[in-house]
Amino acid sequence: MLSPGVLYDERLTAPRSWWLIAALAGVCLGLILFPLGPLPLLGGLVVGAALGAAAVSAYGSARIRVVADSLVAGDARVPVSALGEAHVLDEEEARAWRTHRADPRAYMLLRGYVPTAVRVEVTDPGDPTPYLYLSTRRPRALAEALEAARG
């Protein structure tokens, strides 16, 4: 359940298949060190898997939160008063906004393994960022939380 004051909370975790790839990275490093003996093999297995898991965990640790009067997306914290309309993007629209429609000035919390997104207009005249592109598995819930925080 959400904490008091938190209207929306989502962690953009990496898919399960990526964890398998992290484990395979450990196997690969272990096999590379196999000619040096059993201890280097085990050390390579452990170190390779740990480094792979750390990389997957770090990439999958991005969070999107709507708390009281702010939108927190990754490293960005934007007051809801500086935001305009939130547009829910289906898979096709999200692909367009992260490719040929993308503005290089936009803030993008992009995760390629999340097919849907929300595009939130930035209305603050002092901010050169035209919009925030946020990959999310629950775009309607995020848009509704932003509307609730604004109203």
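The values are calculated or read from the model by the stated rules, or taken from the named source; none is laboratory data. Since this is a predicted model, take the numbers as computed values, not measurements. Every residue, glycine as well, gets a Cβ built from its backbone with ideal geometry; the counts of neighbours run over all protein chains shown. Just the protein is used for accessible areas: all its heavy atoms, side chains included, with ligands, DNA and RNA removed. Shrake-Rupley method; radii C 1.70, N 1.55, O 1.52, S 1.80 Å.
Look at the range 51-68 and say how many of its residues are over 20 Å from T136 (Cα atoms) and either among the acidic types (D, E) or open to solvent by 20 Å² or more (accessible area, probe 1.4 Å) (or both).
Counting residues in the range 51-68 that are over 20 Å from T136 (Cα atoms) and either among the acidic types (D, E) or open to solvent by 20 Å² or more (accessible area, probe 1.4 Å) (or both) gives 4.
On the given criteria, is A22 at pLDDT below 95, among the hydrophobic types (A, V, I, L, M, F, W, C) and loosely packed, with under 14 Cβ neighbours inside 10 Å?
No; evaluated as a whole, the condition is false for this residue.
Can you tell which of G48, G74 is crowded, with 16+ Cβ neighbours inside 10 Å, of a type outside the set (K, R) and touching a Phe, Trp or Tyr at 6+ places or on another chain (Cβ under 9 Å)?
Among G48, G74, only G74 is crowded, with 16+ Cβ neighbours inside 10 Å, of a type outside the set (K, R) and touching a Phe, Trp or Tyr at 6+ places or on another chain (Cβ under 9 Å).
Residue by residue through the range 107-142, note down the ones that are open to solvent by 20 Å² or more (accessible area, probe 1.4 Å) and either in contact (Cβ under 8 Å) with a residue 60 or more places away in the chain or of a type in the set (G, A, S) (or both).
R111, G112, Y113, G126, R137, R138, A141
Go over the candidates V56, V66, V46, V27 one by one and state the one that is within 28 Å of D127 (Cα to Cα) and of a type in the set (V, I, T).
V66
For the range 97-106, name all the residues that are open to solvent by less than 80 Å² (accessible area, probe 1.4 Å) and of a type in the set (K, R).
R98
Tell me, which residue of the range 83-96 that is closer than 21 Å to E10 by Cα and of a type in the set (A, V, I, L, M, F, W, C) is surrounded by the fewest Cβ atoms within 10 Å (Cβ to Cβ)?
Restricting to residues being closer than 21 Å to E10 by Cα and of a type in the set (A, V, I, L, M, F, W, C), the top hit is V88.
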